[in-house]
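The values are calculated or read from the model by the stated rules, or taken from the named source; none is laboratory data. The shown structure was predicted, so the numbers you read here are calculated from the model rather than taken from an experiment. Cβ: placed from backbone, ideal geometry, glycine included. Neighbour counts: every protein chain shown.
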Amino acid sequence: MSNKIYEGGYFNEYQKMRYVNSLPETTSLQARRILSRAKSIEETYGQDLYNFTLDQIENLLHYLNPSTLNASRSNFYMVQNYIRWGIEQDLRDTNINPLDVLAENNYFKKFIDISKKSLYTKDEIDSMISVCVNAQDAFPIIAIFEGVFGKSGYDELLNLKRQSIVSENLISLTDGEHERVINVSSDFMNLMYKALDQKTYIKKNGILKPTMRSSAEANLEQSDYVLRNVITRSQTNGKADKFLIQRRIAAVKSYNDDWVRVLSPYIIRNSGMLYMAKSFYDKHGEIKKDHYEEISEKFGISKVMNNGYEVYNYHRLKEDFLNVETIIKVYEQ
């Protein structure tokens, strides 16, 4: 079999496409990403990943540069499965898969890039928010940190309206199908009211270049939604989409760019879960099963069936970051 290097995204593209086309769509997307990134390593060694030695595989797993245990685990299993497929197709020189005896968390951890900050403390989140001139920028940060998210596309956050306020510290959330009520802080409520009342959006957090010709402010669409787009030629029906959340979070990152290197909805959410876990740990000296269930309820973690019962699916979160070890690492540096 020729190891021809195609000008596309893969080394030995014929075999790579055979493999990814055999996978379910959701799995194939991840496989395509990793196999495309593997190309430069395969070129260095002059052979396909399915023939890699353990040292070569580990070089790839380091190169993929995961920032979380879950990401490192996913990379491992994808590479392991590709090598298994290579063995089944009689492509690998031996029928031994070097990864088959190594699937454990301590092994996954060795590839995590610890220089990447993937969790923030409550004080750091407050600091990010404090520099925001616009409540429209600050509110998505505190809302996600306190459990507002949704099943897809941040629907709970985008569906928030003035009518979602139940009482002084309770809000009603909906993702379009399911509804729930959560308790929130007074800081959350203050920012929610400010975001609702905001009529103009101050560009670039008020720091504009003298050469900038456009107005320093933009009018916001007026509706009952908390988070709203600025008025443009192409009007919406009042409800923003997920890209607004991503833009607002990217904006907050840019306002704090000297120390906030990575910021995403999932990082903010995970940081909020860890802070809630810390409050239980500080009070009880441990994090018990009922504490994990409370965190799961607050943050809308999905449930799975286990022995005929619906239970919260938090075990991967517990392995990845939602544990005492991470609390100590993040909060007691």
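For this structure, a couple of remarks:
- The one condition from (1) part of a strand (DSSP E or B); (2) at pLDDT 95 or above that E310 does not meet is (2).
- Of the set (1) more than 26 Å from the chain's Cα centre (by Cα); (2) surrounded by fewer than 15 Cβ atoms within 10 Å (Cβ to Cβ); (3) aliphatic (A, V, I, L, M), all apply to M17 but (2).
- For the stretch 256-273, the candidate set comprises residues that are crowded, with 17+ Cβ neighbours inside 10 Å and not polar (S, T, N, Q); within that set, the residue that is nearest to S185 (Cα to Cα) is G272.
- Residues being under 20 Å from the mean Cα position of the chain (by Cα) and without any contact (Cβ under 8 Å) to a residue 40 or more places away in the chain - total across the stretch 90-122: 3
- Every condition in (1) in contact (Cβ under 8 Å) with a residue 12 or more places away in the chain; (2) outside any loop (DSSP other than H, G, I, E, B); (3) acidic (D, E) holds for D55 except the one numbered (1).
- Residue count for the stretch 186-207, restricted to those that are surrounded by 12 or more Cβ atoms within 10 Å (Cβ to Cβ) and either among the β-branched types (V, I, T) or without any contact (Cβ under 8 Å) to a residue 40 or more places away in the chain (or both): 8.
- Any chance I245 is in contact with a Phe, Trp or Tyr (Cβ under 7 Å, 6 or more places away or on another chain) and either within 21 Å of L158 (Cβ to Cβ) or surrounded by 12 or more Cβ atoms within 10 Å (Cβ to Cβ) (or both): yes
- Residues located in the stretch 90-107, provided they are within 16 Å of Q47 (Cβ to Cβ) and of a type in the set (D, E): D90, D93
- Considering the stretch 274-307, the residues that are of a type in the set (A, V, I, L, M) and not in a helix (DSSP H, G or I) include one that is surrounded by the most Cβ atoms within 10 Å (Cβ to Cβ), namely I287.
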